[in-house]
Structures are given as structure tokens and as C-alpha cells.
């Protein structure tokens with residue numbers, strides 16, 4: 001009474017500090033002398049691993065694989081599906097798991113783990129085989145970024161509040177740089193016309209307070225360069241200068257997009273290395289034709305217009321870029337104002353896949369604000385109370401948080417504690433309060449609050465166009481992954497809040513084509529910058545906790561023939 005088993009095992013390609021599930025296909029075949037009507041299942045057991053203990057396991061999946069030992073660190077799982085091998089021979093996919101926090105910044109290591117697969121029923125084991133999962137894990141990712149800052153003559157254009165584009169860049173830049181951590185790398189190049197003496201640089205270095213302060217001082221000292229007799233402002237010069245500082249860095253171009261070439265200036269060419277761009281402008285109807293050429297195929301451009309995104313448009317978009325580079329994702333993005341003594345409460349969704357929350361507040365007076373994270377969980381029911389005597393109350397989790405204050409910015413980094421059982425009340429909440437003396441007690445303190453998470457539940461999106469001009473289709477796509485994989489989950493919803501160039505806003509649902517991939521399209525009707533606010537909601541894979549993920553993307557459409 002036997003049955004044969006084969007396993008298709010992919011190579012492990014992981015990153016330290018991130019949980020990865022490795023789909024491993026299990027096939028059963030050639031049953032021999034197994035009693036009719038047998039109700040067989042598949043069992044997968046973790047056996048051993050090298051070089052570091054505790055980094056491999058086998059993941060239980062609700063409705064598919066049940067943990068045999070206590071939840072939390074399962075080493076043995078059994079399939080929920082029963083089958084009679086004399087009638088059908090189904091395929092199974094098991095999920096060995098990898099997670100290594102040990103010396104997370106160390107160079108790439110080789111790993112290996114041994115697992116055993118068995119086919120059994122209540123009376124005996126009919127077949128058994130071992131397989132080895134092997135591969136490597138790269139160090140935990142830090143941000144390596146070089147900025148190219150525009151201070152050419154067109155940066156003197158003003159908006160409705162009479163602020164120049166350069167003034168807006170100067171206000172936003174130190175707030176964005178404050179997001180970087182000491183293990184990140186930061187460099188700055190500036191560009192204007194051809195007067196090299198007026199284009200200072202900061203060589204890349206660890207993004208400690210000293211380097212961030214030097215970058216801020218450099219940006220604060222920029223002045224608008226008046227037009228020369230030949231008023232050239234080639235953006236390619238800024239891209240080349242920044243790339244020379246950081247050949248392997250992600251380049252972030254901050255410019256108004258006004259690009260002038262001539263016989264003395266290099267032509268703007270699409271970068272091949274990672275390059276993103278923030279475009280500072282006033283009117284979404286008037287977006288520079290050079291915008292799509294500024295970024296690499298894997299980069300994004302975004303149009304920072306206060307008309308669309310409010311007072312902190314540049315900060316919001318710069319944060320989107322830097323958070324994405326650091327392997328995090330947005331889960332909330334409210335804004336508003338506080339009077340003296342006021343507080344605002346923002347419910348957020350935290351899942352078992354989240355490791356750290358980063359609450360980022362941009363404000364005209366950030367020193368007047370404080371942030372707390374509390375859990376407003378309900379008390380357990382009577383039956384729950386019998387299992388756990390202590391009732392659940394309001395728990396404050398801000399203790400031990402890392403707080404970073406800078407001019408116009410307040411950042412609170414909070415490790416996510418162990419979450420209660422999914423059946424218990426759990427309502428994580430961010431409270432933003434105006435509790436400190438303000439610069440002007442009679443003035444409202446305005447803010448944009450962003451909540452991001454270091455997480456294994458990632459959301460990425462893309463907005464593009466089928467052609468450059470009005471009448472082309474706008475294409476919206478999004479990918480949702482958890483533990484490195486996409487999953488077929490019917491309770492997930494993705495939509496886009498789309499801001500048209502003329503200010504019209506519409507909601508566009510995205511449809512799931514294949515598991516975890518969502519898309520929609522819309523015919524463009526006017527030239528300018530379309531800003532897409534993507535929002536994904538659903539339930540997490542393992543504990544079925546509610547999640548929300550967000551991101552912003554821009555797609556430009558040009559006038560016919562331009």
C-alpha cells in the first residue's frame with residue numbers, strides 16, 4: 001500500500017528582515033493497493049536548516065493548511081483537503097517560510113532547509129519524501145538616494161500665495177530628508193544654467209543628522225539663476241551631475257520640468273538607471289512635455305500641485321518616493337487643521353504582516369503637535385472572559401517610540417506590538433493633538449498626516465497612457481502581494497480616486513484580472529496631469545484582519561500634436 005510523491009521546489013531568493021513564503025508544488029501519483037474509500041491527506045514537516053536556526057518554518061494557511069502544533073511557529077502542517085487516491089490525485093502547494101532578522105545588514109548568505117512530505121490517513125502513512133529548499137537572502141534594504149534640485153530661472157514663477165517654486169522646494173526638502181535614517185545614504189546635486197560655480201553639491205554619505213543638516217543648508221542657500229543671454233536650462237545636466245555622485249543610487253529629480261536645449265546643451269534622454277521625478281507646478285492643465293522623458297522605466301513622476309493635493313503637495317509626493325524606496329507602504333493619508341486644545345483621532349488598520357508604523361506629520365507648526373498611538377479595543381465577551389481574566393482596555397503604545405522633530409515635520413516610529421487574537425476587539429488609533437505652545441495661538445495649525453508601515457503586505461500601482469496625447473486611454477494597474485506572493489482573495493477591493501486636470505474628481509473601480517492584479521482604463525478627455533489616488537482594502541491572509549493600503553501616481557497627457 002504505497003503512493004509516490006514528487007516536489008517542485010523553487011530557489012530561495014529573499015531579503016533579510018522580510019517574511020517570504022516559497023510556494024512548493026506537491027504531486028502524488030501511482031497509488032498501489034490503497035484501500036478503496038481511503039481519506040488521505042498531505043502532511044508537511046520542517047526538519048532542519050542551515051546556517052541559522054529559527055529562520056525557516058512551514059506556514060499554516062487558513063482553509064488550506066492547518067498547523068498541527070500551536071499557532072505562531074508551526075513546524076508541521078496538514079492539508080484540509082481529503083482525497084481518495086483511487087479516485088483523484090490532486091495537486092497541493094505548500095508554503096515553506098523564511099524570515100531572518102539576524103545581522104540583517106550583513107552581506108548575502110546561503111541558506112538551506114530540509115522538509116518532509118507524507119501522504120497519510122488515520123491508519124497509516126502511504127508515502128514519504130524529503131526535499132531541500134536552498135538559496136540566498138540579501139541584506140535588509142536601506143535607502144540610497146541622490147537628489148537633483150532645480151534652481152534655474154523658471155523656479156521664480158509664483159503660485160496663488162505668491163510663493164515661488166524654489167521657495168516651495170526649500171520648504172519641502174528638509175521635511176522629506178527627515179524621513180531618512182542613519183543607515184540610509186544621501187547626496188545632493190543642484191543645477192540651473194551653465195554657471196557651474198552656482199551649482200553646489202553634497203557628496204553622498206550616511207544620512208545622519210550631520211548629513212541631513214548639510215543637505216538642508218545646501219538647499220536653503222539656493223537662489224534663482226536669472227536667464228543668461230542664451231537662456232538654457234537643460235535638465236540633463238542635473239541628471240548627469242546627480243548620477244555622477246551616486247552611480248548606483250536612486251535619483252530623485254525635483255524640478256518644475258521647464259527644459260530648454262540648444263546647440264550648447266545636451267538633449268534630455270530617458271534614464272536607464274532608477275530615476276524618479278517630482279514636478280513642481282501650479283496648474284495641472286499645463287504640464288511640461290519633457291515629463292515622461294525624465295524618469296526611468298521603473299521610476300515614477302508626480303505633479304505637485306496644491307490645487308490637487310493641498311498645501312503639502314511636494315512633501316506628500318516626496319514621502320511617497322522615499323517610503324517606497326525603504327520597502328514600506330502607506331496605509332492612511334488624512335489632512336486638516338487643529339485649533340488650540342483640539343485633537344483628531346484616526347482609526348488605522350494594523351495586521352500581523354506589519355512590523356513598524358511610521359506616523360509622519362507635515363505642518364506649518366509641527367512643534368505644537370503631539371502624536372499618540374492607542375488601542376481602543378472593546379472588552380471581551382463573557383465566553384472570552386473565561387479564557388482570559390484581564391479585560392482589554394485602552395492600551396497606549398507610544399512608549400519606546402522613536403520621535404524625530406524637524407522644521408515643519410514630526411515623525412513617530414512605533415514598533416507594532418504583538419496583536420491580540422483576531423476574535424478579540426482591536427482598534428488601533430492615531431491621535432494627533434495640539435498640546436504644545438504654538439507660534440501663534442490664534443492661528444490654526446495645519447497638517448498632513450501620513451501613516452506608513454514596514455510590512456510584508458505590499459501595494460504598488462502604476463498609472464500610464466496608451467499614447468502621449470488627448471484621446472489616448474489612461475491605464476491604471478495595481479499589484480497586491482503578501483509575504484512575496486499574490487493570493488486569490490475575493491474580499492479585496494481596489495479603486496482609484498482620479499483627479500482630472502480641471503479639478504473634476506471621479507471614482508474608478510479596478511477589476512481583478514489574475515489573483516492580486518487589478519486594472520482599469522479610461523479615455524482621456526483633456527491635456528494635463530491626472531493624479532490617481534489608489535486605495536486597496538481587504539483582509540490579511542493569515543489572521544483575516546482588515547487592511548488598507550494607498551499610493552499616489554501621476555500620468556501626463558499632452559495636447560494633440562505637441
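Details
- Residues located in segment 92-111, provided they are outside any strand (DSSP E or B) and buried (at least 20 other Cβ atoms within 10 Å of the Cβ): 95, 100
- Considering 114, 190, the condition of being closer than 30 Å to residue 48 by Cα and either modelled with pLDDT under 90 or in a strand (DSSP E or B) (or both) is satisfied by 114 alone.
- Counting only strands (runs of 3 or more DSSP E) that sit completely within segment 455-562, those holding 1 or more residues that are outside the structural domain of residue 302 (by TED's automatic domain parsing), more than 23 Å from residue 326 (Cβ to Cβ) and touching a residue at least 60 places away in the same chain (Cβ under 8 Å) correspond to 457-465, 473-482, 493-499, 528-539, 546-557.
- Hey, residue 405 out of contact with any strand residue (DSSP E or B) (no Cβ under 6 Å at 6 or more places or on another chain), at pLDDT 90 or above, under 27 Å from residue 176 (Cα atoms) and surrounded by fewer than 19 Cβ atoms within 10 Å (Cβ to Cβ) or not: yes
- The one condition in (1) under 30 Å from residue 530 (Cβ atoms); (2) out of contact with any strand residue (DSSP E or B) (no Cβ under 9 Å at 6 or more places or on another chain) that residue 463 fails to fulfil: (2)
- Strands (runs of 3 or more DSSP E) completely within segment 13-71 that count 1 or more residues being closer than 20 Å to residue 484 by Cβ, free of Cβ contacts under 8 Å to residues at least 60 places away in the same chain and assigned by TED's automatic domain parsing to the domain that holds residue 97: 56-58, 65-67
- Test: residue in segment 278-290 that is crowded, with 24+ Cβ neighbours inside 10 Å, more than 17 Å from residue 460 (Cβ to Cβ) and under 22 Å from the mean Cα position of the chain (by Cα): yes
- The residue that is farthest from residue 165 (Cα to Cα), counting only those in segment 209-226 that are modelled with pLDDT of 95 or more and surrounded by 15 or more Cβ atoms within 10 Å (Cβ to Cβ), is 211.
The values are calculated or read from the model by the stated rules, or taken from the named source; none is laboratory data. Everything numeric in this text was worked out from a predicted model, so none of it was measured. Neighbour counts run over all protein chains shown; Cβ positions are idealised from the backbone, glycine included.
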